[in-house]
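Below is one structure, written out as structure tokens; the observations come after it.
The values are calculated or read from the model by the stated rules, or taken from the named source; none is laboratory data. These numbers come from a predicted model, not from an experiment. Using ideal geometry, Cβ is built from the backbone for each residue, glycine included, and neighbour counts are taken over all protein chains shown.
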């Protein structure tokens with residue numbers, strides 16, 4: 001390549017001996033664009049003359065241009081190409097084009113306050129980018145409340161988030177990988193801190209291949225370019241309107257703030273949050289099991305409180321130091337705590353009936369008081385170093401270490417209805433600290449005019465040590481005694497080495513990316529039951545994970561794209577733990593020690609188009625094929641640990657076979673009038689499960705859909721009203737179905753003092769006793785074995801007031817890190 005460059009230079013010098021050049025600086029708003037491409041063409045025959053990429057400051061310089069007429073194209077992936085015609089070179093001449101500002105390739109509206117039309121959506125070659133400012137109903141909440149507005153995403157009554165119909169996806173925070181459960185991670189991140197959300201549907205080889213539905217990249221607000229930024233947000237919830245006969249009233253309040261300062265070579269940011277978010281509710285259930293040996297059926301309908309108390313607080317610090325244009329250092333620390341208390345005080349009415357003659361054999365009623373506490377204490381730090389070489393190639397190194405202490409007991413108390421007699425009192429812990437390490441080295445350079453090459457190596461280490469103690473109170477002595485069959489030690493040690501190479505580029509109307517990642521994983525799983533022989537299980541693989549994307553822009557600004565990515569989803573420890581844990585009176589939960597990772601092929605083809613100046617529309621057809629699909633299934637338990645043995649079900653995580661989904665994802669952003677802006681998205685897909693479990697064939701298929709609609713009306717420059725609707729249709733599972741789930745919401749937003757103070761009044765889960773909002777029924781069954789159906793009824797008609805005050809009006813850009821390892825095990 002060096003020889004070719006040398007030959008080109010000699011040839012140019014032989015043709016002409018002039019020193020003409022073209023210079024400029026390429027930016028995205030206030031930010032310089034590194035690695036943007038400037039390409040010079042002959043006006044006469046449209047032949048390529050020269051090409052160069054911008055440096056870290058966004059500048060380029062095309063040198064030694066001979067006399068003639070030219071045109072220049074300036075481009076960058078995800079942005080509209082700018083063309084400069086009628087460039088004339090004559091003699092020694094320097095043409096300075098000044099600052100060239102590139103606009104986002106799709107749906108580029110003015111980036112102003114919401115009431116003046118904040119853009120909700122931008123489409124790029126491998127992702128969709130959503131602006132959090134467009135969803136005022138999420139203010140004062142968490143990042144989860146931002147996500148639930150997006151067309152690819154649906155959230156059910158249990159708070160479980162799915163992307164394109166599946167819960168397996170990777171989470172990034174400011175581009176940094178995490179291994180955390182999405183609900184837990186986003187529960188600690190205030191919605192006020194979220195700048196935008198990127199849904200990467202066709203991830204490149206540069207990213208970890210984790211997650212069968214792609215990647216969610218959460219971008220937090222960024223610190224000021226100059227000077228200081230400070231913002232304080234508070235929220236308070238009004239008393240509950242609906243009464244669910246819960247024991248304690250709810251508490252809903254919170255405060256979060258950000259302060260950042262940039263001066264000379266230093267950029268320092270602080271952030272903190274505290275939030276209490278309780279939810280009242282009830283649980284209505286009915287279960288029966290069949291004893292085919294003794295020929296009777298046991299049925300136990302139930303009803304009672306199921307409420308949740310959520311407490312989150314965290315602190316963040318980042319320090320960036322840039323001594324010169326070629327070197328930069330970043331240090332970050334994060335500490336946080338999350339506590340989730342789920343209360344289930346349920347009355348069970350048991351009856352046993354003969355299958356021979358239908359006679360009632362016995363009845364037994366009791367009260368189950370169950371409290372499941374999950375604590376998560378996280379502490380981690382990271383260090384990053386970046387060096388820019390003279391040829392504008394870039395070397396980046398990063399290191400992250402995390403320690404997380406996870407745990408929290410579950411207490412299970414069975415009483416007579418008047419609480420005068422104790423039938424059973426149990427207690428189990430699950431303390432399991434997590435140690436996580438990540439080290440990464442990346443190198444980016446541009447040896448060709450048609451693209452940039454990135455190569456890298458990464459090491460990930462994960463160690464989860466779990467001590468699970470199960471105790472039952474001796475009702476005679478009053479002492480708690482170990483229950484051997486449910487007490488265990490479980491340790492998971494996983495090491496991953498990977499290397500990748502990636503090409504990104506653009507030419508004319510094409511944008512393209514292709515890469516290959518080689519990953520080696522070694523997993524050691526240590527198990528020891530109480531008074532049992534220890535067991536060591538190993539699982540290793542070496543696999544290639546290819547990816548490719550291409551996008552073509554047509555004359556009418558219609559963009560067509562095609563993408564492919566191979567993914568892997570590794571189960572957390574709790575899904576592999578084969579020892580049982582008592583969830584509540586009727587259920588044990590356990591994993592599969594031989595659980596295999598899910599391997600997924602993702603394919604998508606789509607289009608997006610801007611519609612005049614008023615909006616945009618996109619559609620993506622996708623296909624997902626999952627091998628070793630993991631599902632949670634039920635079987636009847638034969639462990640004599642319940643008040644009645646026949647009322648216990650085992651809830652098991654296991655590989656059930658193959659899952660396939662063919663879907664269509666649609667989204668549109670449009671204005672009906674200058675003051676009425678609308679954003680609507682939907683996902684419809686056909687899902688098929690094929691496999692085998694517990695001696696039975698799994699063969700289920702169904703068409704399912706979700707809709708997220710958002711409509712905003714601006715009464716004035718300072719006042720707006722927004723209505724949102726989140727709807728999730730009935731869905732199939734390996735053994736049953738989940739009912740529809742929906743939530744309508746309304747918010748009124750008012751700004752004061754030149755937008756420095758923002759007040760948002762929210763009416764969440766609108767119901768008024770008419771709509772059956774915010775409730776979901778989950779049903780599972782196995783012929784001639786068991787049937788269970790549970791309706792979860794959560795609080796509706798919640799009213800919350802949020803206040804946000806910005807002390808300085810410079811733009812915030814602080815970057816925070818978050819837990820990578822521990823939160824997935826939470």
Filtering region 683-702 down to residues that are modelled with pLDDT of 85 or more and buried (at least 19 other Cβ atoms within 10 Å of the Cβ) yields 683, 685, 687
Residues in region 727-762 that are more than 30 Å from residue 690 (Cβ to Cβ), within 26 Å of the chain's Cα centre (by Cα) and surrounded by 20 or more Cβ atoms within 10 Å (Cβ to Cβ) total 5
Note to self: Criterion first (surrounded by 21 or more Cβ atoms within 10 Å (Cβ to Cβ) and within 23 Å of residue 727 (Cα to Cα)) does residue 679 satisfy it?
What the structure shows: yes
Pairing a residue in region 83-97 that is in the same structural domain as residue 37 (by TED's automatic domain parsing) and at pLDDT 85 or above with any residue that is in a strand (DSSP E or B) and surrounded by fewer than 14 Cβ atoms within 10 Å (Cβ to Cβ), where Cβ atoms lie under 6 Å and the two sit 6 or more apart in sequence or on different chains, gives 88/69
Considering residues that are touching a residue at least 40 places away in the same chain (Cβ under 8 Å) and more than 17 Å from residue 308 (Cβ to Cβ), the number found within region 239-258 is 3
Residue set 635, 647; condition buried (at least 22 other Cβ atoms within 10 Å of the Cβ), out of contact with any helix residue (DSSP H, G or I) (no Cβ under 8 Å at 6 or more places or on another chain) and either at pLDDT below 85 or not assigned by TED's automatic domain parsing to the domain that holds residue 424 (or both); output residue 647
Within region 354-374, of all residues that are within 30 Å of the chain's Cα centre (by Cα) and surrounded by fewer than 18 Cβ atoms within 10 Å (Cβ to Cβ), the one farthest from residue 427 (Cα to Cα) is 374
Surrounded by 16 or more Cβ atoms within 10 Å (Cβ to Cβ) and outside any strand (DSSP E or B) - does that describe any residue in region 81-99? yes
Considering only strands (runs of 3 or more DSSP E) wholly within region 520-637, the ones with at least 3 residues that are over 18 Å from residue 655 (Cα atoms) are 535-553, 558-569, 581-584, 598-611, 615-636
Expected single match for out of contact with any helix residue (DSSP H, G or I) (no Cβ under 8 Å at 6 or more places or on another chain) and more than 21 Å from residue 209 (Cα to Cα) among 555, 604 is 555
When restricted to 315, 285, the only residue assigned by TED's automatic domain parsing to the domain that holds residue 244, part of a strand (DSSP E or B) and buried (at least 16 other Cβ atoms within 10 Å of the Cβ) is 285
Checking 544, 537, 527, 560 in turn, the sole residue that is assigned by TED's automatic domain parsing to the domain that holds residue 394, under 30 Å from residue 74 (Cβ atoms) and out of contact with any helix residue (DSSP H, G or I) (no Cβ under 7 Å at 6 or more places or on another chain) turns out to be 560
- Query: Looking at residue 586, is it in contact (Cβ under 8 Å) with a residue 40 or more places away in the chain and touching a helix residue (DSSP H, G or I) at 6+ places or on another chain (Cβ under 7 Å)?
  - Reply: yes
Here the residues within region 660-677 that are assigned to a strand (DSSP E or B) and touching a residue at least 40 places away in the same chain (Cβ under 8 Å) are 661, 662, 663, 664, 665, 666, 667, 668, 669, 670, 671, 677
Only one of (1) over 29 Å from the mean Cα position of the chain (by Cα); (2) surrounded by fewer than 14 Cβ atoms within 10 Å (Cβ to Cβ) does not apply to residue 544, and that is (1)
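Each row is one residue, and each column tells you yes or no for (1) part of a strand (DSSP E or B); (2) over 18 Å from residue 659 (Cβ atoms).
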{"site": "699", "(1), (2)": "yes, no"}
{"site": "704", "(1), (2)": "yes, no"}
{"site": "707", "(1), (2)": "yes, yes"}
{"site": "711", "(1), (2)": "yes, yes"}
{"site": "717", "(1), (2)": "no, yes"}
{"site": "721", "(1), (2)": "yes, yes"}
{"site": "725", "(1), (2)": "yes, yes"}
{"site": "734", "(1), (2)": "no, no"}
Of the residues in region 13-48, those that are under 46 Å from the mean Cα position of the chain (by Cα) and at pLDDT 80 or above come to 22, 23, 24, 25, 26, 27, 37, 38, 39, 40, 41
Among the residues of region 588-616, the number that are surrounded by fewer than 20 Cβ atoms within 10 Å (Cβ to Cβ) and at negative phi is 14
Residue 458 vs (1) within 24 Å of residue 376 (Cβ to Cβ); (2) touching a residue at least 40 places away in the same chain (Cβ under 8 Å): all pass except (1)
Those strands (runs of 3 or more DSSP E) completely within region 396-466 that have 2 or more residues that are in the same structural domain as residue 381 (by TED's automatic domain parsing), over 30 Å from the mean Cα position of the chain (by Cα) and within 30 Å of residue 483 (Cβ to Cβ) are 410-415, 422-428
